[in-house]
Amino acid sequence: MLFTINRSNDCPFKRSFNKLMNKYKVVDHQQVKRLSNGTDDDYSVATEDFSSTGDFTAGSSQLLNVCEEDCMVGLRQYVAQIEGIQMSEQRLFRFANFHNFDLEKAKDAVDENRDNAFLDLEMHGELKGQFVNKMLFPLTGLRTKKNNSQVIYGRPSRGNPEDDNMTKVLESLCYVMNDFSQTEQQCRDGVAIVSNLEGFTHEHFDELEWRQFMLALQGTLVPTKVTSILMVNPPSWFKQDIWKKMRSSLPFHLRRNVHIISSNDKLGDYLMEDYQAYLPHEVAQGYRSVSEIIEDYIDLKSYEDRQKRAEIS
């Protein structure tokens with residue numbers, strides 16, 4: 001069971017995970033409550049704005065329209081009035097954007113996530129090892145055509161069915177989602193997932209853990225919009241045996257953006273021009289070494305996280 005192996009009851013990640021999963025009643029293989037009821041209000045769609053911004057700036061922004069600014073003003077007032085909530089301007093914007101600047105939904109989310117450990121992950125200790133296992137990591141610099149979303153890569157077949165692999169995947173996923181949500185434009189653009197299913201077997205599939213992963217892609221752990229999921233090189237039985245089970249539990253806005261791609265050359269329909277230069281070489285037409293991608297990312301983020309800690313102290 002996810003987040004129980006070698007996890008004490010006072011582990012902040014275990015507490016945060018159980019709190020959020022209990023909200024959606026993910027308790028066994030048969031009982032899963034959808035995050036969304038399929039209406040437009042429950043899942044935010046990324047903007048088509050392809051511009052980019054620099055660092056996040058507090059207060060008014062050229063990107064905020066009147067309704068968005070009203071929501072941000074309301075969130076600031078709410079946080080100032082409620083004891084125990086301390087969130088940066090960037091994090092408040094992230095929650096507001098994820099909930100389409102619906103003030104009441106954003107307020108509820110901010111209150112619910114005041115002690116969410118997944119929002120404060122750092123690149124050290126066990127997390128470094130989780131990236132080294134090569135199951136999930138970012139393809140820095142790669143973007144999608146449609147929403148200009150940054151791209152995260154996964155290789156589920158690298159997991160050992162006997163290990164607590166989904167714990168490692170979810171912590172890595174949340175770290176990258178946090179990293180890819182540092183500016184207003186990043187929050188608006190969201191992220192895309194490229195999942196390479198080469199070598200995937202029935203033994204790699206646990207229905208409960210995959211439902212938990214799909215819930216994480218809907219923002220249950222950290223508020224980042226997932227604009228597309230590209231499943232590449234699936235085995236012949238995947239659609240019938242797994243995807244048919246999984247798709248019914250997904251909200252429409254996420255389900256319609258899942259694309260099962262049997263041929264690598266079809267990736268060009270979804271990814272930016274010259275996308276091959278950013279893909280790992282284990283994907284046909286990809287150029288980059290997986291180990292180099294991960295090592296470069298760990299080194300950069302370890303340094304940046306140390307700098308942040310030094311600034312706080």
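Of note:
- When each of the peptides 78-87, 245-254, 184-193 is scored by the mean number of other C-beta atoms lying within 10 Å of its residues, the order from highest to lowest reads 184-193, 245-254, 78-87.
- Residues ASP269 and GLU207, FRET efficiency given R0 of 25 Å [Cβ-Cβ distance, rounded to 0.05]: 0.25
- Rounded to whole numbers, the Karplus 3J(HN,Hα) couplings from phi for segment 263-269 are 10, 4, 5, 7, 4, x, 6 Hz, using 6.51 cos²θ - 1.76 cosθ + 1.60 with θ = phi - 60°, and x at Gly and Pro.
- Amide hydrogen proximity for VAL232: with H placed 1.01 Å from N in the peptide plane, the residues at 5 or more positions away or on another chain lying under 5 Å are SER195, ASN196, LEU197, ILE261.
- Per-residue Cβ neighbour rank within 10 angstrom, fewest leading, TYR278, TYR287: TYR287, TYR278
- Phi to ³J(HN,Hα) by Karplus 6.51 cos²θ - 1.76 cosθ + 1.60 over segment 203-219, Hz, x for Gly, Pro: 5, 7, 9, 10, 4, 5, 5, 5, 5, 5, 5, 5, 5, 4, 5, 9, x
- Each residue, VAL132 and GLU295, gets one label point 7 Å from its Cα in the Cβ direction; the gap between the two is 1.3 nm.
- Cut-off under 5 Å, modelled amide H: who pairs with ARG288 long-range: LEU279, HIS281
- Spin-label proximity, ARG15 to segment 86-126 - amide N less than 15 Å from point 7 Å beyond Cα toward beta carbon: 112-120
- Derived scalar couplings ³J(HN,Hα) [segment 96-106; Karplus, 6.51 cos²θ - 1.76 cosθ + 1.60; whole Hz; x for Gly, Pro]: 4, 5, 4, 9, 6, 6, 7, 4, 5, 5, 5
- As a proxy for reagent exposure, ranking TYR297, TYR153 by other Cβ atoms within 10 Å from fewest up yields TYR297, TYR153.
- With the simple model of a label 7 Å out from the Cα in the direction of the Cβ, GLU311 to GLN285 spans 3.9 nm.
- Summing charges over all other residues whose Cβ lies under 10 Å from the Cβ of HIS124, with Lys and Arg as +1 and Asp and Glu as -1, gives +1.
Every number in this text was worked out from the coordinates using simple rules, so none of it is lab data. This structure is a prediction, so every number in the text was calculated from the model and none was measured. FYI the Cβ positions are ideal-geometry reconstructions off the backbone, even for glycines, and counts take in every protein chain you see.
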